[in-house]
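Chemist: Handing you a structure now.
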Amino acid sequence: MPEQLTVYNPATGEAIESIPQQTAQEVEEAIERSHQAFQSWSKTSAGERASLLRKWYELIVEHKEELAELITKENGKPYQEAVGEVLYGAGYIEWFAEEAKRIYGRTVPAAAGKRIVVTRQAVGPVAAITPWNFPNAMITRKAAPALAAGCTFIIKPAEDTPLSAYALARLAYEAGIPKDVLQVVIGDGAEIGNVFTSSPKIRKITFTGSTPVGKILMKNSADTVKHMSMELGGHAPLIVDEDADLDLAVKQTMASKFRNAGQTCVCANRLIVHESIKDEFAKKLSEEAAKLKVGNGLEEGVNVGPVINKKGFDKIVSQINDAVEKGAKVLTGGTYDQNDEKGCYFVTPTVLADVDTSMNIMHEETFGPVAPIVTFSDIDEAIKLANDTPFGLAAYFFTENYRRGIYISEHLEYGIIGWNDGGPSAVQAPFGGMKESGIGREGGTEGIEPYLETKYMSIGL
Ligand code: SIN
């Protein structure tokens, strides 16, 4: 492994910065420091942790422009979207600063001559492996509840976007959070992952990323029986029923599908549209998609930045080609700007019609700005299609009929449901998936639970 990691701007191919990578031995040392720091951090009062988190939140908001610029440079998303990510991410810190004070235990009626007292305590040092698609918010969504609960925390950010992690850590230290309580390690994902999973001192792994990598982390953590939080792949269906408000459905589909160039785990991946409205929906959606400006996210007016790297680009292109070969029609987009020398890849927002289940795009997560439209005639057929996947993260549907809405929502096997809403993510809500999309929830009152152990004491009188 080279000593330095160079981080590149995916929109220009320019090197942004080179930073040192840690060896396995250095990661072991970071774990030891985390373990030592846990002894004192876990004994601080909830109020003390809350005020440090609050200060961290305030500093992030104060520095939102420079943090956003860094996100755009290393990830590629448009600057205004990056500002949104910084505020979204900071919101988790504010939320969990408040939740720190609400970690309650309870007393339980016991047998005569006994008392039962239930308490909650921090699970221990936590290791986090975070993705490149939200270089800032996927860190704060994990670090804030961990720190609030009294855990110490080590972050291994994605190799494509480690600079935001360092920037967040610097502000945490400025806020007064001790350096060994929150650490960042950079390096090879598999190597660092193995050090984390094999260490008995790491008591919890929290991961956002692909389902195959999540499964490896789970298998490798079996020997030390760790707590696991897994936010894994998605393959979100978006159902537009015959009685949907079409303008609303188009607006919300745009928001869901093309956010971060389609590179989120909750982006609509399959548009399942009632046959009676499919032409009108497809026309309106294509018109809106064609208006999006693709380019460098630091330039004014750009709505869709580059895709992160060649691997991501190749997958998107192969899904489009496969669909077209099997009979899909390109309503808009379907073109690319590929520069292998610079490592820059842009995909024009694409809408595909006449899609069917023989096409790969109907079975694999795309992680790109491609909207495939498939049709249905009966709502049970749409629900069956929506659930026909090992994934269960987010699902969306559009209907103005509340009976039908309740029926659809109760039959979708998904952890997050957007009813007439393409942007359900919120700090107050429990984000997470069913089936192979993950384990545990992040955000909401549920978000601190995975960082807490339950202990009960039976007192004999
Ligand atoms: C993700 O893509 O993993 C996160 C998306 C979100 O928080 O909305």
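Chemist: Out of all the residues in segment 20-58, which are outside any helix (DSSP H, G or I) and either within 18 Å of Ala169 (Cβ to Cβ) or under 25 Å from the mean Cα position of the chain (by Cα) (or both)? Let's see the steps before the verdict.
Modeler: Here is the first cut: in segment 20-58, the residues outside any helix (DSSP H, G or I) are 20-23, 42-45.
Once the filter is applied, which keeps residues that are outside any helix (DSSP H, G or I) and either within 18 Å of Ala169 (Cβ to Cβ) or under 25 Å from the mean Cα position of the chain (by Cα) (or both), segment 20-58 yields Pro20, Gln21, Gln22.
Chemist: Further question on the same structure: Among the candidates Ile205, Ile239, which residue alone is over 30 Å from Asn401 (Cα atoms), in contact (Cβ under 8 Å) with a residue 60 or more places away in the chain and more than 16 Å from the ligand (Cβ to nearest atom)?
Modeler: Numbers: Ile239 fails: over 30 Å from Asn401 (Cα atoms).
The unique qualifying residue is Ile205.
Chemist: Filter segment 443-461 down to residues that are in contact with a strand residue (DSSP E or B) (Cβ under 7 Å, 6 or more places away or on another chain) and among the polar types (S, T, N, Q) and give me whichever is least open to solvent (accessible area, probe 1.4 Å).
Modeler: Initially, segment 443-461 is screened for residues in contact with a strand residue (DSSP E or B) (Cβ under 7 Å, 6 or more places away or on another chain), giving 443, 450-461.
Filter once more, keeping what is among the polar types (S, T, N, Q): 454, 458.
On the way: Thr454: 87, Ser458: 59 Å².
Here the residue is Ser458.
Chemist: Cβ-Cβ under 6 Å, sequence separation 6+ or interchain: first residue in segment 257-271 and assigned to a strand (DSSP E or B), partner open to solvent by less than 10 Å² (accessible area, probe 1.4 Å) and within 12 Å of the ligand (Cβ to nearest atom). Which pairs?
Modeler: Ala268/Ala236; Ala268/Ser256; Asn269/Ala236
Chemist: Here's another thing I want to ask about it. If you take the residues in segment 416-438 that are more than 12 Å from the ligand (Cβ to nearest atom) and in contact with a Pro (Cβ under 9 Å, 6 or more places away or on another chain), which one is least open to solvent (accessible area, probe 1.4 Å)?
Modeler: Ile417
Chemist: Something else about it: Could you grab me the full set of residues in segment 111-155 that are assigned to a helix (DSSP H, G or I) and more than 16 Å from the ligand (Cβ to nearest atom)? Break it down into steps so the answer makes sense when it comes.
Modeler: Filtering segment 111-155 down to residues assigned to a helix (DSSP H, G or I) leaves 137-149.
Ala146, Leu147, Ala148, Ala149 - these are the residues of segment 111-155 that are assigned to a helix (DSSP H, G or I) and more than 16 Å from the ligand (Cβ to nearest atom).
Chemist: Go through the residues of segment 257-270 one by one and say whether even a single one is open to solvent by less than 50 Å² (accessible area, probe 1.4 Å), within 21 Å of Ser377 (Cβ to Cβ) and away from the ligand (no atom under 16 Å from the Cβ).
Modeler: Of all residues in segment 257-270, those open to solvent by less than 50 Å² (accessible area, probe 1.4 Å) come to 257-258, 260-270.
This time we only want the ones that are within 21 Å of Ser377 (Cβ to Cβ), so: 268, 270.
Adding the requirement that they be away from the ligand (no atom under 16 Å from the Cβ) leaves 270.
The answer is yes, given that some residue of segment 257-270 is open to solvent by less than 50 Å² (accessible area, probe 1.4 Å), within 21 Å of Ser377 (Cβ to Cβ) and away from the ligand (no atom under 16 Å from the Cβ).
Chemist: Six or more apart or on different chains, Cβ atoms under 7 Å: show the pairs whose first residue is in segment 423-443 and hydroxyl-bearing (Ser, Thr, Tyr) and whose second is within 10 Å of the ligand (Cβ to nearest atom).
Modeler: What qualifies is Ser425/Val266; Ser425/Phe431; Ser437/Leu232; Ser437/Gly233; Ser437/Gly234; Ser437/Leu393.
Chemist: Looking only at strands (runs of 3 or more DSSP E) that lie completely in segment 316-355, which have at least 2 residues being crowded, with 18+ Cβ neighbours inside 10 Å? It would help to see each step written out before you state the result.
Modeler: Numbers: elements: 329-332, 336-339, 344-347, 350-353.
Correct list: 329-332, 344-347, 350-353.
The values are calculated or read from the model by the stated rules, or taken from the named source; none is laboratory data. Please read all numbers here as calculations on a predicted model, not as lab measurements. Heads up, the Cβs are rebuilt from the backbone with ideal geometry, glycines too, and the neighbour counts pull from every protein chain shown. Note: accessible area is taken over every heavy atom of the protein model, side chains too, but ligands, DNA and RNA are not part of it. Shrake-Rupley method; radii C 1.70, N 1.55, O 1.52, S 1.80 Å.
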